[in-house]
Structure formats: structure tokens, C-alpha cells
Amino acid sequence: MNKKSIKGNVFSIKKFAVHDGPGIRTTIFFSGCPLNCLWCHNPESKCNLLSSDENDFISIAELIKKVEKDSIFYDESGGGVTISGGEPLVQKEFLIDLLRALTTRNIHTVLDTTGFSTTAVFKDVAKFVDLFLYDLKIMNNKKHIKYTGVSNSEIHENFEYLTTIDKKVWVRFPMIPGITNDTENIRSIGLFIKNRKNIQRISVLPYHPLAGHKYKKLNKEWEMGDLKTPEKKEIERVCSIFEEYGLKTFIGG
């Protein structure tokens, strides 16, 4: 396929997003993810990666046309474009082409990622990213494999790489009752990221059951069942532990 004709598989574009990085942003959701997190809130990201429906695919030129319409809002708010998923790194070539196009237009770029990728791919992509929203879920590797389906070794290696190149990072911690919110895991994450000057904040993302309707629509089983959103006291407990490690801690976003 001619490089100029490469199209990406995108399942959603959200305008005026305010929780996916600084300022007012356009968030582009890529299809495809190699992880199988039990609590996944975007199950639709896995359903159309191999779709033959051309409506699922879009060119770089088409995407740039869409996002440039809101450039005035980016400029006034310090915003830009966030690329999320799924896991955007799955579509490496299209991702790099899009990031490069945004960078040449001086549009601020954010990559919302699990960090699961070969280091070679990750390094190629990182060149064009201004800020990473980086998921850290479970530090114990066996437990990580159990609940996400993949090892966290490359995730941690790529995280370390961002420190070596002083790339700005907002850590995102999905707070899942009974899975990620135990004290040992929280302290392990705190120890892993403290004293890294490139880490600007950690966002605690409390579990919510709002994705349940998506699973019904897709005729998929919602494995989280009747799990409830954590209570305020539990959320505050988790935040206080992270703060012990000198981390700027936020709830949500």
C-alpha cells in the first residue's frame, strides 16, 4: 500500500474534551488493544479493528481537517489533540503520521496509552508526543497478567525511557475495587514513580459501571458484574497514600 494512502481505524472523535490533557482538546479514539482488562470502558475499541467497512477508516488529511476547525480553542486554552483508544500504539504507522502532521502545525499532542509496545516502536512514537497520559495499573507482574492478559515488563521499560528523555507524563491509575486498590499495589506504584522530575501528576480514576450498557449492546459479558463505584473515603485513602510519595494527586482526568 502506498504510504500516502494509509488510513487509520478510528471509532470515535470527541470534541471539546477537558479531561484528556491540558486545555480544550479533540480526542481521537483509535481501534484495537492488545490488553484484555476486565474493567475496560471502551469495549467497542476492539470490535472494528479488522472491519471491512470503509466507514471505520479515515485518512490523515481528513482528521487534520476535522481538528483544525477547533484550533482557535486550542490556542486560547492551551489545548490540542489527544490520541486515545483502545491502544493507539497498535496502529503504529498511522499514529506516527498523525502525530507528525499535528506537530508540523504546532498543535499540542497528547498520547493516552497503556505503554504496552516494543521499545523500538515506543521510541519512534515518543519523538512526536508532547505529553503522555500513561496508565499504571498493577505492579505485580503475575497479577497484571491475570487481570489484563499481558505482562507489564515492557510497560515499565517504556515508562523508564520517558524519564531518560525527560518527557512529560501524567500517570493514570484506574482504581478498581478488589483488583488495583490494595495498599501494597498503591505503595508499589508510589515507589516506582516518586522523585521522577518528568512526572507532573497522578490521576486516580475511580471505577464506575457506566460501560455496562456498551457490553449489552455488543452482546458481550460484563465481567465486573455488580461492582460499585468506590466510596469517597476509599478514594481519599488511595489519594493520601500517593501524596505520601510527594505526588500531585488528582481525582479523575
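Going through (1) part of a loop (DSSP other than H, G, I, E, B); (2) touching a Gly at 6+ places or on another chain (Cβ under 6 Å) one by one, Tyr74 falls short only on (1). Of the residues making up the range 155-164, one or more are touching a residue at least 12 places away in the same chain (Cβ under 8 Å), buried (at least 17 other Cβ atoms within 10 Å of the Cβ) and aromatic (Phe, Trp, Tyr). The set of residues in the range 208-233 that are more than 15 Å from Met175 (Cα to Cα) and of a type in the set (D, E, K, R) comprises Lys214, Lys216, Lys217, Lys220, Glu221, Glu223, Asp226. Take the conditions of a type outside the set (Lys, Arg) and modelled with pLDDT of 95 or more and apply them to Ser52. Does it pass? It is false that Ser52 is of a type outside the set (Lys, Arg) and modelled with pLDDT of 95 or more. Summed over the range 171-185, the residues that are under 26 Å from Leu111 (Cβ atoms) and either surrounded by fewer than 17 Cβ atoms within 10 Å (Cβ to Cβ) or of a type outside the set (A, V, I, L, M) (or both) give a count of 6.
Taken over the range 160-177, the criterion of being of a type in the set (A, V, I, L, M), more than 11 Å from the chain's Cα centre (by Cα) and more than 17 Å from Glu234 (Cα to Cα) is satisfied by Leu162, Ile165, Val169. Using the structure shown, decide if Thr113 is under 21 Å from Tyr161 (Cα atoms) and surrounded by 15 or more Cβ atoms within 10 Å (Cβ to Cβ). Criteria met by Thr113. Scoring Arg201 on the criteria (1) within 16 Å of the chain's Cα centre (by Cα); (2) more than 16 Å from Cys37 (Cβ to Cβ); (3) crowded, with 17+ Cβ neighbours inside 10 Å leaves a single failure, condition (3). Those helices (runs of 4 or more DSSP H) of the range 109-204 in which at least 3 residues are among the β-branched types (Val, Ile, Thr) and touching a helix residue (DSSP H, G or I) at 6+ places or on another chain (Cβ under 7 Å), considering only elements entirely within it, cover 119-126.
The values are calculated or read from the model by the stated rules, or taken from the named source; none is laboratory data. Everything quoted here is computed from the prediction, not taken from an experiment. Please note: Cβ atoms are built from the backbone with ideal geometry, for glycine as well, and neighbour counts cover all protein chains shown.
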